[in-house]
1. In terms of the Cα gyration tensor, with a ≥ b ≥ c the square roots of its eigenvalues, is the range 13-115 rounded because a/c is under 1.5, prolate because a/b exceeds b/c, or oblate?
2. Put a dot 7 Å past each Cα toward the Cβ at residue 222 and residue 246; how far apart are the dots in nm?
3. Whenever you get a sec, line up 240, 18, 168 from highest to lowest accessible area (probe 1.4 Å, protein heavy atoms).
4. Using the Cα centre as the reference, give the magnitude of the dipole from point charges on the C-beta atoms of the chain (Lys, Arg: +1; Asp, Glu: -1; all else neutral), rounded to the nearest 20 debye.
5. Have a look at 94, 206, 237 and report the one farthest towards the positive end of the charge dipole of the chain, computed about the Cα centre with Cβ charges (Lys/Arg +1, Asp/Glu -1).
6. Can you give the angle from 0 to 90° between the axis of helix 102-115 and the longest principal axis of the chain, with both taken from C-alpha atoms, to the nearest 10?
7. Okay, helix-only estimate at 222 nm for the chain: each DSSP H run of n ≥ 4 adds -39500 (n - 2.57), divide by all residues, round to 500 deg cm²/dmol; what do you get?
8. Measure nothing but the geometry: give the 0 to 90° angle between the long axis through the Cα atoms of 181-198 and the longest principal axis through the Cα atoms of the chain, rounded to 10°.
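The values are calculated or read from the model by the stated rules, or taken from the named source; none is laboratory data. It should be emphasised that the depicted structure is a prediction, and the values quoted were computed from it without experimental measurement. Methodologically, a virtual Cβ is constructed for each residue, glycine included, from the backbone with ideal geometry; neighbour enumeration extends over all protein chains shown. Only protein heavy atoms, including side chains, enter the accessible area calculation; ligands, DNA and RNA are left aside. Shrake-Rupley method; radii C 1.70, N 1.55, O 1.52, S 1.80 Å.
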Amino acid sequence: MSGNGTTAGDDPLQTAVWRLRSRACWADAAALLPPDTPGAALQRAMLLVERCLYTEGGWADAEDALRTAEALAHTDEERGAAACERGQLAYAATLHGIRDRVDEARAALGRAAALIPPGAAGRALLDFRRGLLAENLSRSPQAARAAYRRAHAGATAHTDPLLLSFTWRHLAGLALRDGELAEARHGFAESLRIREELGYLVGTAPALVSLADTEDEPAATRLRDEARRLFRLLGGVPTWLAAQLAPPAAGPATA
């Protein structure tokens, strides 16, 4: 869940990787990257870990890629980045009910925090993932909000708009939970705007659904209809959105 998307200065390889990733083609994107350098190995692991979160599948491929990245990491920041990915993979497995790996997730993210110095580019992503753990597994919204705010500041400082789209979205979700409708609507709208500007299609449907939860009719229905169209276009990804986009059950027949 990091990376700046495509800009004029991107090299052709990274542009191709981004386009595939944004269209839910993580395995194809990973296949473009050479497997024998620390940076490429980390990026391959990140892509395949993200696939697990969005599709609830591909766990063995992600584990293999992650072991390679861990073996090739030489600097503290590389080791920290690999630990951050391991924490995210363990988080995703726990969140989706594949296996309870919450202790592994906490340990890996703690190890990453010891290796990635404050102010480094990778610290913002780490803070965001610690927020996810706090919100969704530890059920601690206050800790999650603090982590998301640190991540938001770091993503701003390092000009990482994709990560900003996630921090806006999750801070907005906490605001909605607290009944702060205007704040939630603003955050969800910012998240959607960034994802549309980047062309991050796989993340656009969830952003549309979240914004719909803060809008009145008919705007809410239009947003959900567009989310449903994108969801079908991408083959039912992200899988966890299916329940939210299911059409309402038909009521009993009346005379």
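1. Working: a/c = 2.12, a/b = 1.15, b/c = 1.85.
Oblate, since a/c reaches 1.5 and b/c is not below a/b.
2. Roughly 2.8 nm, to one decimal.
3. Working: 240 90, 18 15, 168 65 Å².
From most exposed to least exposed: 240, 168, 18.
4. Values: 29 positive and 32 negative charges, 57 e Å.
Dipole of the chain, to the nearest 20 debye: 280 debye.
5. Result: 94.
6. Between helix and principal axis, roughly 50 degrees.
7. Working: 13 runs with 179 residues, N = 255.
Theoretical 222 nm ellipticity from helices: -22500 deg cm²/dmol.
8. 60
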